[in-house]
Amino acid sequence: MTDSPDITELLLAWSEGDEASLERLVPLVKAELHRLAHHYMQGERDGHILQTTALVNEAYLRLVDASRVRWQNRAHFFAVTAQLMRRVLVDFARARDYQKRGGGAAHVPLMEAFDLPHRQDTSIVALDEALSTLAEVDARKARVVELRFFGGLSVEETAEVLSVSVDTVMRDWKLAKAWLLRELDAGGADES
Amino acid sequence: MKAERMEAEKWQEVERLYHEASELTPPERADFLARACAGDDNLRREVESLLAYETRADKFIETSALRATARALQAERCELKAGQMIGNYRVLGRLGHGGMGVVYKAHDTKLGRTVALKLLPVASALYGDEQSLLLREARAASVLTHPHIATIYEVNEHDGIGFIALEYVEGASLASLPAGIPLKTTRVIRIGMQLADALDEAHRKGVVHRDIKPANVMLDARGQVKILDFGIAKLIERTTGDTGQLPHFSSPTVPQGSAPYVSPEQARGLPLDHRTDIFSLGVVLYELATGRRAFRGDTAEETIRSVVSRPHLAPRTLNPDIPPRLEAIINRCLEKDRERRYSDAKELTRDLAELLPLTDVGAALLSKMSGTWAIVKSPAVHGMAAGKSSWPKLAAIVAVVVLLVGVASIALYLKSSRETLRRQATGNLSSKINSLAVLPFQTLSPDAKDEFLGLGLTDTLINRLSSVRNLNVRSTEAVRRYAGKGMNPIDVGRELQVEAVLEGNVRKAGDRIRLTARLLDVRSGATLWAGDFDEQFTDIFAVEDRLSRNLTGALTLRLSNDELAQVEKHYTRDAEAYALYLNGRFSLNRFTEDGTKMAREYFRKAIERDPNYSQAYAGLAESFAFGEIGLPPEQAFPQAREAATRALALDSSLGAARAVLAQVEFLDEWDWSGAEREFKLALALTPNQPEIHHMYAHYLTAMGRLDEALAESKRFIELDPISPTPVQHLGWHYLYAHEFDKAIEQYKRVLVLDPNYTEAHRQLADAYWQKGMHDEAVAEMEKQLTLQGRSREDVVALGEAYKLSGWHGYWQKRLEINFERAKSTYIAPSTFAECYSRSGDHPRALEWLEKAYERRDHQLVYLSMTYDYAELRPDPRFQNLLGRMKLK
């Protein structure tokens, strides 16, 4: 595990305002995700189906070595990690969608191709857009979602990062999810 | 700046109200929001629309994004190798790539059979529980057992990978037929009948396929087809909340290769019901009959656009050999407006079957007489194995002939029993009309949203006329099946055993409503009355009054003042509220969970417009008490009571609301005298509603008043002579009257009418048991469990338990199975009490009866009359229970 690149280092740098480190971070994180997935696919040849939980836990361990983060920075660090994960995973989802559609020209979702009400799109890409819209209405709720969903933080950790009560996080989380679902159903965009 | 602050303030208000409302029960919410938003409709809509997502939001994005991504990756790349084990299955090889992932051929090492194994994909990264949702849905689909549906053997998870093991079907899919060559009409019809029959079975179990296409239909060497992939069929939305939310789709795009077969509503992303399958089946039949696709396009988008907006070419222009009637059938499946399609697959099966004698059996018989098999020997134009041997064909024809003879004898049986009934009902033949069927008014409006008018008005008229003591009016349930059939009204009248029928149509154009109706004498065919009304829609009440008055006049009914008041009564003066109410009745009469849910919304909206609209409250009460409620009783019954009480507070003469109260007091509150009072009031107010007689018969049986119960049961049959339910109910009556020979006879009669009536098999088993005929009882239960789609393993295990350790052993095994099932589904405590009692464990049976008592198990109301617990009866604890229930 020690041979993994300095993701934590770069994260710390980025969290301290070094925008350039982000450029270096994103491809590293992506490569790591692919590597892990591949690693587990190999194991499957021996007759084992890979274990998602193991994959995820290891990914977190490799990506985010929290022990190297100074305690005072913790909240900030978490917030930055969440943002980074959002970026990486949304890019990743976008690329995968593109591949799945054959990487070809017309990869417009079926229903958007003509003037009909299209169905909710439950992809991470659509969620990302909806989340940006939510940020305009209620920034804190959008951050709660970013920290919980993209950052993988618990309710308590989220409360710590945002310096609000656990109860507030729970309420924000609940309403934000309903709001996002409604937004996704409406197909986004037309929210004023 | 100021505007922004106002926005922020408004959002805070939304937030506050959302959280406060979400603490309340759904019915309380409406009141709370009405008060809290006092006049601010925008605010209210905002909060309500968010609340509508509450249930779905529970599961949404609860799994972190990283984990969700990993899962998706994993599912995509997962590939099984030959020899690998998944649970009990050894992978033999890859069969192909289906719409939902890779399919493998595998060997079931435990049961020694070959299966097709499908791995479930992770359909959406955002719903962490998607996998278990799919599993649950697939399990629901596994209740289907039908000769033309590939059976689902098992739905399970292994190391976090969901899979479905299903029947391995040899043969090729319809998609492998050569393009451009039409099939022979007989084959199209045969395939169509098998598919429609399979769909009918699935739809009646609440399962919609949603992806019927040639690739999902396997054809074997004998010309038998099987539908694949019912495993991904989404159940018609069964969320328990009644917030009126729309069903959601977990799969956001149309599966690969399905575009030419999607229904217009599917293409639009609208909520789907079973009629989507009827459309897709129509596309498949079109293709088989013409050799060409009904809807085409260079891209999937274009194909879908064509499905939505372009008419298909008439099949006969492509293949003039297609009989006009088959063309009409296909065209009706392909109606873009689903309301104009076949309303169910059964009707489609019937129409196809009617074509068969002409084209197939008749021709085959003719050709047989002339000594040749010209027609039977189907030319192997299509390069398929079918038709290579004439034996299977011959067998198929024999089967069809046997079937036709069977149908004819049932028809004869029905006819004779009907005639007896009619003689009983009419007594002497006078010209006076005692019975009437109001056939569903046809809606002629161009606007699909006026669809409700026809059936809604019919239902209202039936309800009004039901209060006339001397007139037997067929219930809406009995007549609704004729909607849109275009059948000869006199024939329908005969079938419904009435002396007169009213038929008509209604058209709404702009704000005008036009209603045309005529009353026919079924015996003579004469027109007794005809009328035509054309009014402003706001004057719909006047139209109805005139119609009722004309009708009762033409029927020469002499009405008492009370009856007259009921017939001409208006429960609201607000035309819009009334339209909402009619919409509610229309939805309620679809007798589906979805329909019931929509009906609730309409009734609530009607009440919102006119808070004193008693009838809308009654409708709301009915939607919580009868039919496909879609809610557990402990949630539904209190709401039923509340709505019924409100209805009666506004208008004490509402029979339907009384019936709801009666049901609540009988089944849920065990208030016997209260129930009796309400039943009697309900019957006095609406004497000719079959369902109230049915319920009252149950009540009287529970109270041990068997003679009265028998009279009510017979009345139930008289009022609804053609449905199987009343016939079956009479069997139930004999069972509880401990007249087991009669019960057996009655159930056999039901099973001739409908061999798949599971409840009849179950109760017949009980009757056999009571006669000491254990072998026969076990055989019936096996049929029942198989029809219910219980796993083959369970059924086999039960048979073995019975062979090894007899009746007691059988029930011990049943107990085991029930305890296992209880982990995933609710099983009433009384069921366990019965099993224990039947397995000879009386102390445990008593224990479970106590639990049933605590849980207010509805089945306990029959405790004093049931044939179960014979050996427990003397036990003081049993007597004590009866005492507490005031059933002594």
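When residue B:63 is evaluated against the numbered criteria (1) outside any loop (DSSP other than H, G, I, E, B); (2) within 10 Å of chain A (Cβ to nearest Cβ), which criterion, by number, is the only one it fails?
With respect to (1) outside any loop (DSSP other than H, G, I, E, B); (2) within 10 Å of chain A (Cβ to nearest Cβ), residue B:63 is out only on (1).
Residues are listed down the side, and each one gets a yes or a no for (1) modelled with pLDDT of 75 or more; (2) closer than 24 Å to residue B:176 by Cα; (3) surrounded by fewer than 18 Cβ atoms within 10 Å (Cβ to Cβ); (4) not polar (S, T, N, Q):
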{"residue": "B:207", "(1), (2), (3), (4)": "yes, no, no, yes"}
{"residue": "B:266", "(1), (2), (3), (4)": "yes, no, no, no"}
{"residue": "B:276", "(1), (2), (3), (4)": "yes, yes, no, no"}
{"residue": "B:281", "(1), (2), (3), (4)": "yes, yes, no, yes"}
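Which numbered condition trips up residue B:602, out of (1) within 21 Å of the chain's Cα centre (by Cα); (2) modelled with pLDDT of 90 or more; (3) in a loop (DSSP other than H, G, I, E, B)?
In the conditions (1) within 21 Å of the chain's Cα centre (by Cα); (2) modelled with pLDDT of 90 or more; (3) in a loop (DSSP other than H, G, I, E, B), residue B:602 misses (3) alone.
What number goes with the only condition from (1) closer than 21 Å to residue B:435 by Cβ; (2) assigned to a helix (DSSP H, G or I); (3) not acidic (Asp, Glu) that residue B:687 does not pass?
(2)
Any residue in the stretch B:632-647 that's closer than 13 Å to residue B:613 by Cα: show its pairings with residues that are modelled with pLDDT of 85 or more and β-branched (Val, Ile, Thr) at Cβ separation under 9 Å, as long as the two are six or more apart or on different chains.
That search, which allows pairs on different chains as well, returns B:643/B:660; B:644/B:660; B:644/B:664; B:646/B:607; B:647/B:660.
All but one of (1) buried (at least 17 other Cβ atoms within 10 Å of the Cβ); (2) of a type outside the set (Asp, Glu); (3) closer than 20 Å to residue B:205 by Cα hold for residue B:769, so report the exception by its number.
Going through the list (1) buried (at least 17 other Cβ atoms within 10 Å of the Cβ); (2) of a type outside the set (Asp, Glu); (3) closer than 20 Å to residue B:205 by Cα, residue B:769 breaks only (3).
Going through the stretch B:755-766 one residue at a time, which ones are free of Cβ contacts under 8 Å to residues at least 60 places away in the same chain and crowded, with 20+ Cβ neighbours inside 10 Å?
Passing the criteria: B:757, B:760, B:761, B:763, B:764, B:765.
Regarding the stretch B:530-543, can at least one residue be identified that is part of a strand (DSSP E or B), of a type in the set (A, V, I, L, M, F, W, C) and under 31 Å from the mean Cα position of the chain (by Cα)? Break it down stepwise before answering.
Let us first name the residues in the stretch B:530-543 that are part of a strand (DSSP E or B), namely B:530-536.
Narrowing the set further to residues that are of a type in the set (A, V, I, L, M, F, W, C) leaves B:530, B:533.
Checking which are under 31 Å from the mean Cα position of the chain (by Cα) leaves us with none.
Scanning the stretch B:530-543, I find no residue that is part of a strand (DSSP E or B), of a type in the set (A, V, I, L, M, F, W, C) and under 31 Å from the mean Cα position of the chain (by Cα), so the answer is no.
For the stretch B:829-863, name all the residues that are outside any helix (DSSP H, G or I), touching a helix residue (DSSP H, G or I) at 6+ places or on another chain (Cβ under 6 Å) and surrounded by fewer than 19 Cβ atoms within 10 Å (Cβ to Cβ).
Passing the criteria: B:840, B:855.
Would you say residue B:743 is over 15 Å from residue B:706 (Cβ atoms) and at pLDDT 85 or above? Let's see the steps before the verdict.
Numbers: over 15 Å from residue B:706 (Cβ atoms): no; at pLDDT 85 or above: yes.
In short, no.
Inside the stretch B:864-886, can you point out the residues that are in a loop (DSSP other than H, G, I, E, B) and free of Cβ contacts under 8 Å to residues at least 60 places away in the same chain?
Residues of the stretch B:864-886 that are in a loop (DSSP other than H, G, I, E, B), as a first pass: B:864-875, B:885-886.
Correct list: B:868, B:869, B:870, B:871, B:872, B:873, B:874, B:875.
Give B:90, B:67 a once-over and let me know the one that is modelled with pLDDT of 70 or more and over 36 Å from the mean Cα position of the chain (by Cα). If you could, list the steps in order and put the result at the bottom.
Values: B:67 fails: modelled with pLDDT of 70 or more.
Selected residue: B:90, the only one of B:90, B:67 that is modelled with pLDDT of 70 or more and over 36 Å from the mean Cα position of the chain (by Cα).
Does residue A:130 fit the bill of being within 13 Å of chain B (Cβ to nearest Cβ), at pLDDT 95 or above and touching a helix residue (DSSP H, G or I) at 6+ places or on another chain (Cβ under 6 Å)? Explain how you work it out, then say what you get.
Numbers: within 13 Å of chain B (Cβ to nearest Cβ): yes; at pLDDT 95 or above: no; touching a helix residue (DSSP H, G or I) at 6+ places or on another chain (Cβ under 6 Å): yes.
The answer is no for residue A:130.
Show the residue pairs that are 6+ apart or on different chains and have beta-carbon atoms under 7 Å apart, the first residue being within the stretch B:11-25 and within 8 Å of another protein chain (Cβ to nearest Cβ), the second being hydrophobic (A, V, I, L, M, F, W, C).
Close Cβ pairs satisfying both conditions: B:11/A:137; B:15/A:175; B:18/A:175; B:18/B:47; B:18/B:50; B:18/B:51; B:22/B:51.
Check the stretch B:296-306 and report whether any residue there is more than 14 Å from chain A (Cβ to nearest Cβ) and touching a residue at least 12 places away in the same chain (Cβ under 8 Å).
Taking every residue of the stretch B:296-306 in turn, at least one turns out to be more than 14 Å from chain A (Cβ to nearest Cβ) and touching a residue at least 12 places away in the same chain (Cβ under 8 Å).
For the stretch A:177-192, enumerate the residues that are more than 9 Å from chain B (Cβ to nearest Cβ) and modelled with pLDDT of 85 or more.
Pass one, the stretch A:177-192, residues more than 9 Å from chain B (Cβ to nearest Cβ): A:183, A:186-192.
The answer is A:183, and nothing else.
May I ask you to list the residues in the stretch B:471-482 that are out of contact with any strand residue (DSSP E or B) (no Cβ under 7 Å at 6 or more places or on another chain) and modelled with pLDDT of 80 or more?
B:475, B:476, B:482
Just checking, how many residues over the stretch B:631-655 are within 19 Å of residue B:667 (Cβ to Cβ) and not in a helix (DSSP H, G or I)?
Selection size over the stretch B:631-655: 2.
Name the single residue, out of those in the stretch B:716-740 being part of a loop (DSSP other than H, G, I, E, B) and at pLDDT 90 or above, that is surrounded by the fewest Cβ atoms within 10 Å (Cβ to Cβ). Write out each step before concluding.
Restricting attention to the stretch B:716-740, the residues satisfying the condition of being part of a loop (DSSP other than H, G, I, E, B) are B:720-723, B:737-739.
Still in the list and also at pLDDT 90 or above: B:737-739.
Working: B:737: 19, B:738: 14, B:739: 17.
Result: B:738.
Please determine whether any residue of the stretch A:152-172 is under 22 Å from residue A:80 (Cβ atoms), assigned to a helix (DSSP H, G or I), facing chain B (nearest Cβ under 10 Å) and over 16 Å from the mean Cα position of the chain (by Cα).
For the stretch A:152-172, residues under 22 Å from residue A:80 (Cβ atoms), assigned to a helix (DSSP H, G or I), facing chain B (nearest Cβ under 10 Å) and over 16 Å from the mean Cα position of the chain (by Cα): present.
Looking at (1) of a type in the set (S, T, N, Q); (2) farther than 17 Å from residue A:138 by Cβ; (3) at the interface with chain A (Cβ under 9 Å from one of its Cβ atoms), which is the only condition residue B:42 fails?
The one condition residue B:42 does not meet is (3).
The values are calculated or read from the model by the stated rules, or taken from the named source; none is laboratory data. Quick caveat, the model's predicted, so the values are computed rather than measured. Cβ sites come from the backbone with ideal geometry, for glycine too, and all protein chains shown count toward neighbours.
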